[in-house]
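Worksheet: the structure to be examined is printed underneath.
What follows draws every value from the coordinates through simple rules; no lab data is involved. Please read all numbers here as calculations on a predicted model, not as lab measurements. Using ideal geometry, Cβ is built from the backbone for each residue, glycine included, and neighbour counts are taken over all protein chains shown.
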Amino acid sequence: MADLDTVIDELTTVLAAVDGIALAPTTPPEQLGELPMAVTYIGEGEFNYAASLGCIGLHTLVVDIHVGRSFLEEDEPVAREFIESVPKAVAGNMQMNGSCEHCLVRNYRYGRLGYGAEKTMGIRFQLEVKLKHSGFTITA
């Protein structure tokens, strides 16, 4: 899925530039690093085929913004800031530098997260990615 890999690379670059995010690796790490950290992974997807268009993929990427859970009264406002800053950053480069037709935040869930045994809080965003896949030959 080289096309989707390119979108993820572009997306993590956008996320790394969001004020307050310390790390945004291109692949999920074995364990969390410096927080707040954005972890991106593939959720689900579907393919639509048409002889005139080829293969169009609609994919869901999941972005978890992990914030520490040491002092709730300090950590919670940090997490809350990402509710607007992440969608704004993504919308500001919705074609991810030409790697897809669009990449937009569709929904989020706020609250308790975790990564392995580590307890965190933060936001889980689901992003819709539409892209035309190359290498598909569609015949009737």
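For this structure, a couple of remarks:
- In sequence order, the stretch 76-81 has phi-based couplings of 4, x, 4, 4, 4, 4 Hz under the Karplus curve 6.51 cos²θ - 1.76 cosθ + 1.60, θ = phi - 60°, and Gly or Pro positions carry x.
- Across the stretch 107-127, the residues whose backbone nitrogen lies under 19 Å from the label position 7 Å along the beta-carbon direction of Leu72 are 109-115, 118-124.
- Under DSSP loop assignment and at most 14 Cβ neighbours within 10 Å, longest GluC sites (Glu not before Pro)-free interval of the chain: 35-140
- Compared with the dominant principal axis of the Cα atoms in the chain, helix 2-16 is inclined by about 30°.
- Spin-label zone in the stretch 97-126 - amide nitrogen under 12 Å from a point set 7 Å from the Cα of Ala91 along the C-beta vector: 104-106
- Dipole magnitude for the chain: about 380 debye, using +1 per Lys or Arg Cβ and -1 per Asp or Glu Cβ, origin at the Cα centre.
- Computed on the stretch 2-133, the Cα convex hull volume stands at 95 Å³ per residue.
- Residues of type lysines that Lys119 reaches as a straight line, Cα spacing below 30 Å, ignoring anything fewer than 8 places off in the same chain: Lys88
- Selection from Val7, Ile138, Gln95, by position along the positive dipole direction of the chain (Cβ): Ile138
- Those chymotrypsin sites (Phe, Trp or Tyr not before Pro) in the stretch 1-90 that DSSP places in a loop and that have at most 13 other beta carbons within 10 Å: Phe71
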